[in-house]
Amino acid sequence: MKKNFLIDMDGVLVHGSKMVPGADMFIQSLVAEKRKFAILTNNSKYTTRDLAHRLKQSGLDISEDNIFTSAIATAEFLSNQRPNGTAFVIGEVGLTEAIHSQGYIQTSLKPDFVVLGETYSYNLDQITKATQLISRGARFIATNPDPSGPSEIGIVPATGAMAALMEKVTGKSAFFVGKPNPLMMRTALNHFDMHSEDTYMVGDRMDTDILAGISAGMETILVLSGSTKTEDIEKYPYQPKMVYKSVAEINLKKLK
């Protein structure tokens, strides 16, 4: 049986708005071999349609049906915990739409959950309201633990950094749904009807992609086209199954 692929996006297929050289041929090979694959991202800002459009502008023709975000994983987690519940949400349309799609009401009046995701600008009034709600008993959920993210002007604070501030204020710990939580991987596998034993995880970060893949029972492929350098790999107590310079080097004919 040919194995499936879960593939990280940033640093693996694209750098910002630019495609990683050879990524288009890798995707075309997956399609030609009729392998199931899905693109995973911790970014909760965008809808799958938005991301499909962004990838297409970079030269990658990938359907929105093949994209899975931490926002979708978070929304499914909320629904499993408390169907048709309520949440106070800090985030962009990718997160708010995913939560609405699960039948949730978004409100600041005694919500079941406070949900923190990525946004273009964190509003202090919203953060203050969120900390008050958490202190009063709302459960604290965050889409991903990444402390910073890239932007056109350099790194900017991301969900993990803002969550740390809110944890300090409230004394309550956030539950992070996205990578490296294997819950993100398990949710994605179920979403696409894949099994961990039959799926490779391809990523550029040892501390999120590879850790999440190993924790979920998958074989892992590290690419060095993103944030990890060769000398970084030995710093970790766990190791990827395979290492390539980029997805362009992955020869599907040699993989089951």
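The values are calculated or read from the model by the stated rules, or taken from the named source; none is laboratory data. What you see is a predicted model, and the numbers here were worked out from it, not measured in a lab. All Cβ positions, glycine included, derive from the backbone under ideal geometry; neighbour counts span all protein chains shown.
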Some residue of segment 162-176 being touching a residue at least 12 places away in the same chain (Cβ under 8 Å) and touching a Gly at 6+ places or on another chain (Cβ under 8 Å): yes
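Could you tell me which residue of segment 162-181 is nearest to the chain's Cα centre (by Cα), considering only residues that are more than 18 Å from Gly149 (Cβ to Cβ) and surrounded by fewer than 18 Cβ atoms within 10 Å (Cβ to Cβ)?
The qualifying residue nearest to the chain's Cα centre (by Cα) is Phe175.
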Qualifying position, being farther than 17 Å from His191 by Cα, buried (at least 20 other Cβ atoms within 10 Å of the Cβ) and of a type in the set (Gly, Ala, Ser), among Ala75, Ala23: Ala23
Search result, residues across segment 206-219 that are more than 13 Å from Leu189 (Cβ to Cβ) and surrounded by 24 or more Cβ atoms within 10 Å (Cβ to Cβ): Asp209, Ile210
Qualifying helices (runs of 4 or more DSSP H) (wholly inside segment 1-115; at least 2 residues being among the acidic types (Asp, Glu)): none
Tally of residues being assigned to a strand (DSSP E or B) and farther than 15 Å from Phe26 by Cα across segment 197-221: 3
Given (1) in contact with a His (Cβ under 7 Å, 6 or more places away or on another chain); (2) without any contact (Cβ under 8 Å) to a residue 24 or more places away in the chain; (3) not hydroxyl-bearing (Ser, Thr, Tyr), index of the condition Glu64 fails: (1)
Residue within segment 130-142 that is part of a helix (DSSP H, G or I), within 24 Å of Pro180 (Cβ to Cβ) and of a type in the set (D, E, K, R) present: no
Failed criterion for Gln28 (all others in (1) under 29 Å from Lys253 (Cα atoms); (2) touching a residue at least 24 places away in the same chain (Cβ under 8 Å); (3) of a type outside the set (D, E, K, R) hold): (2)
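Check whether at least one residue in segment 227-238 is surrounded by 23 or more Cβ atoms within 10 Å (Cβ to Cβ), at pLDDT 95 or above and on the phi < 0 side of the Ramachandran plot, and report yes or no. Spell out the reasoning first.
Let us first name the residues in segment 227-238 that are surrounded by 23 or more Cβ atoms within 10 Å (Cβ to Cβ), namely 228.
Next, only the ones that are at pLDDT 95 or above stay: none.
For segment 227-238, residues surrounded by 23 or more Cβ atoms within 10 Å (Cβ to Cβ), at pLDDT 95 or above and on the phi < 0 side of the Ramachandran plot: absent.
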Subset of segment 202-218 (residues that are in contact with a helix residue (DSSP H, G or I) (Cβ under 8 Å, 6 or more places away or on another chain) and within 13 Å of Pro182 (Cβ to Cβ)): Ala212, Gly213, Ser215, Ala216, Gly217, Met218
Selection count where residues are charged (D, E, K, R) and either at positive phi or in a loop (DSSP other than H, G, I, E, B) (or both), scope segment 176-196: 2
